[in-house]
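Worksheet: one structure, shown below.
What follows draws every value from the coordinates through simple rules; no lab data is involved. Just so we're clear, the structure is a prediction, and the values are computed from it rather than from any experiment. All Cβ positions, glycine included, derive from the backbone under ideal geometry; neighbour counts span all protein chains shown.
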Amino acid sequence: MDAKRGVLDRLKKNSISSTDIAGQFWCELQMELGYIHGREFTEAMKSGKKVHKELQDEVATTISIEPQGYADFLYKEAYENYLSLKSLNEKGIGREIKVYGSINGFKISGKIDELRKVGGKVVIVETKTKSLNAKLGSTKNAREISETTMRTHKVQIMLYRRLLDDIKNGNYTYQNFYNAYGIAKMKLSDKFLSQLDLLGIDKGIRGFNTIYGMVYEQIAKLPQISDTLELSYVDRQTGEKFATVSVEYNKDDFDKILFDAMGYWTGERPARPVVTEESWKCNFCRFYGKECKVWWKG
Ligand code: SF4
């Protein structure tokens, strides 16, 4: 068996997402248990998704079309990426850009919330939502983001920087993507093709090679990617932006962070629970005292 499949098979996964890697820096064990016991789609996640959808609609880079299968889904994603990168070029801002890459031979994917042109460079922006309507009787300032929470966001945005860089520098090409995702066998469904007709999408760009070729070419042509990354915090209810945090990217430092994270996926070590000082997180974890008793005082 392919050694790389060990952990992925156990979690019934094909690739690793940027949120998986970010989740490892909250609690790796919680991330793993989420896959084993089924993940939850909370109210907070639903309103977060709504905020992201509204932001994407602001720059009109979505198409109303129903994918019938994985091939249709990949095509739709590529077409929307193309629109977002076009918007970045023409208006200086593009949103919801899906990026693929490879780390230690593992397939990695993620969706960049926003790319913005600032002073001749491209700045990566990650938007996080938080409820300012603190009902928990906490005396803490709801607008404050703890370092612990921010750590996961920093890892996520630094990963985007790395994936984008790999595409831009030709370390991850369309050919890599083509091989990894079996594009040669992909075929768009007839129903999807007729929807493309209705939307007036040019027949000349209906092939995977054409549309992805255009996307990869656009990324390769982007101006320099800034080392200063931006975390933007938005109120989940009102959409108000209440904090902006700059994160400096350092490739060597990030490589060390990734090396540590990948140790889990390669099966070199088991999933880690939170450290003692962060065992307060367990109070907010649905596995506490059930599937996970590491810090259970029961
Ligand atoms: S109970 Fe605590 S250590 Fe266990 S998975 Fe949840 S957060 Fe992690």
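In this simple spin-label model, placing a label point 7 Å from the Cα along the Cα-to-Cβ direction at both V118 and N104 gives a separation of 3.2 nm.
Label positions at T173 and I205, each projected 7 Å from the Cα along the C-beta direction, are separated by 2.3 nm.
Does segment 5-284 come out rounded, prolate or oblate by the C-alpha gyration tensor, with a ≥ b ≥ c the root eigenvalues, rounded set by a/c under 1.5 and, if not, prolate when a/b is larger than b/c and oblate if not? Taking the square roots of the gyration eigenvalues as a ≥ b ≥ c, segment 5-284 is prolate. Scoring 230-241, 14-25 by mean Cβ neighbours within 10 Å over their residues and listing the highest first yields 14-25, 230-241. Between S109, S226, S194, the Gaussian network model of the chain with springs among Cα atoms under 10 angstrom shows the greatest mean-square fluctuation at S194. The calculated FRET efficiency for the pair K185 and T238, based on their C-beta separation and a Förster distance of 41 Å, comes to about 0.35. Taking amide H as placed 1.01 Å from N in the peptide plane, V99 has its amide H under 5 Å from the amide H of G110, K111, I112, each at least 5 places away in sequence or on another chain.
Rounded to the nearest Hz, the phi-derived 3J(HN,Hα) couplings of segment 71-87 under the Karplus curve 6.51 cos²θ - 1.76 cosθ + 1.60 (θ = phi - 60°) are 4, 4, 4, 5, 5, 4, 4, 5, 5, 5, 4, 4, 5, 5, 6, 5, 4, where x marks glycine and proline.
Of the residues V275, V247, V215, the one that moves most in a GNM of the chain with alpha-carbon contacts below 10 Å is V275. Where both bridge residues fall in the chain, DSSP classifies roughly 70% of the beta bridges as antiparallel.
Round to a whole angstrom and tell me the spacing of the C-alpha centers of segment 231-286 and segment 75-92. What the calculation gives is 28 Å, centre to centre. Couplings 3J(HN,Hα) of segment 97-111, computed from phi: 9, 7, 10, 10, x, 9, 9, 6, x, 8, 6, 10, 9, x, 10 Hz, in residue order, whole Hz [Karplus 6.51 cos²θ - 1.76 cosθ + 1.60, θ = phi - 60°; x for Gly and Pro]. Per-residue 3J(HN,Hα) values for segment 147-153, derived from phi via the Karplus relation 6.51 cos²θ - 1.76 cosθ + 1.60 with θ = phi - 60°, read 4, 5, 5, 5, 4, 5, 5 Hz in sequence order (x marks Gly and Pro).
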